[in-house]
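FYI, it's all coordinate maths here, none of it is from the lab. The structure presented is a predicted model; accordingly, all values stated were derived computationally and were not measured.
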Amino acid sequence: MDIRQLEYIVRLADRQVLARTAEEMYVSPSALSQYVAKLESELGTPLFKRAKGAWPLTGAGMAYVEAARDILKRYRRMRKDINDIIDSTSGEITAGISSNKASRMFATIFPRFKAKYPNINIRLTDGHTKEIIEQTEKGLLDFAFCTSGIENPALVYCPLLHERFVLAVPKTHRLADLASPPGGRLATIDLALFRDDCFMLANPSLTIRIITDKMFAEAGFAPKILFESTSAQVLYTLAESGYGMALIPMANINFDSAAVYFFTNPTGEWDNIVAYAQGTRLSRAGEYFIALAKEYYAAHFDYLNI
């Protein structure tokens with residue numbers, strides 16, 4: 001049994017889109033389609049329904065994928081156990097990242113990790129928090145660096161950084177003069193004072209939008225929407241440019257930008273976390289990777305007490 005091919009089927013079951021799955025698994029769509037067809041021929045039954053734009057599972061496909069997930073979990077656990085027994089410095093780590101902050105973290109700690117484990121291959125998956133949390137629960141990822149807000153009892157959550165949300169206000173705004181000077185503790189302002197302003201918001205599917213929607217509800221108004229994006233980073237960049245009002249995580253403050261920043265009443269916050277499945281036994285290399293991540297967050301975000 002080819003473990004990699006089991007991963008193809010499981011990933012296609014999750015994505016339901018052939019081209020996207022092929023891209024993520026670094027194979028051509030035609031090669032993936034041929035593999036699925038060959039497997040279905042061997043089993044004597046289709047695993048996927050071929051629908052326009054989607055490949056949903058058949059009943060037989062659901063049974064196959066359930067077994068494949070269990071095999072993959074057991075295989076990865078076995079590889080970790082054997083590698084630790086022989087103190088192996090080879091193998092693979094699969095990790096998910098959901099933000100630019102996590103991307104910068106990885107780029108910073110990668111040289112130190114490779115210096116200690118030069119033969120450990122790291123396979124990264126970039127996606128929204130919901131996506132990589134689901135993949136971690138299913139055993140497709142060893143662990144995920146993401147933000148809190150989507151609770152899953154099947155996972156263990158280890159906090160890396162607690163982060164408040166701030167209101168980015170263009171320097172041309174009528175209330176901008178109430179902001180504290182750069183470098184000092186941020187002034188707190190009532191969010192309801194901005195009920196007549198237009199806000200730039202993340203897409204409702206993103207965790208940041210879930211949090212900010214709660215803040216608006218507590219403030220007693222529904223925001224007027226100037227701009228909405230599926231990319232949180234686009235939102236942060238536009239806020240920094242002074243283009244409009246936005247609620248953003250505190251680590252995205254840029255005092256040299258065209259915006260000023262406030263804490264708000266009501267408040268919003270989240271934790272930057274690393275998550276892995278309950279019962280997971282991390283390899284020594286995985287534990288070292290997470291330890292480096294903890295060092296990074298502690299060293300780079302100590303200014304968040306302003």
Checklist entry - Over all pairs of distinct alpha carbons, what does the Kirkwood formula give as the hydrodynamic radius of the range 43-83, in Å? => result 11.8 Å
Next on the checklist: Largest first, please: the extent of the C-alpha atoms of the range 1-155 along each principal axis, to the nearest Å.
Outcome noted: 48, 37, 33
Checklist outcome for this item: Tilt, helix 29-43 to longest principal axis of the chain (alpha-carbon atoms), in degrees rounded to tens, equals 50 degrees
Checklist outcome for this item: Counting all Cα-Cα pairs in the range 1-88, those more than 18 Å apart amount in percent to 46 percent
Next on the checklist: Taking 28 Å as the cut-off for C-alpha to C-alpha distance, list the pairs among Lys73/Lys214; Lys171/Lys294; Lys101/Lys171 that go past it.
Outcome noted: Lys73/Lys214; Lys171/Lys294
Checklist outcome for this item: With T = 25 °C, eta = 0.890 mPa s and Kirkwood Rh from C-alpha pairs, the Stokes-Einstein D of the range 128-281 in µm²/s is about 150 µm²/s
Next on the checklist: Could you derive backbone 3J(HN,Hα) for the range 206-218 from the dihedral phi with the Karplus parameters 6.51, -1.76 and 1.60 (θ = phi - 60°), listing whole Hz in sequence and x where the residue is Gly or Pro?
Outcome noted: 8, 4, 4, 5, 4, 5, 5, 4, 5, 5, 5, 4, 5
Item to check | Between 0 and 90°, nearest 10: helix 3-15 axis offset from the chain longest Cα axis | outcome: 50 degrees
Next on the checklist: Could you give me D for the chain, from Stokes-Einstein at 10 °C and 1.306 mPa s, where the hydrodynamic radius is the Kirkwood radius over C-alpha pairs? Units µm² s⁻¹, please.
Outcome noted: 73 µm²/s
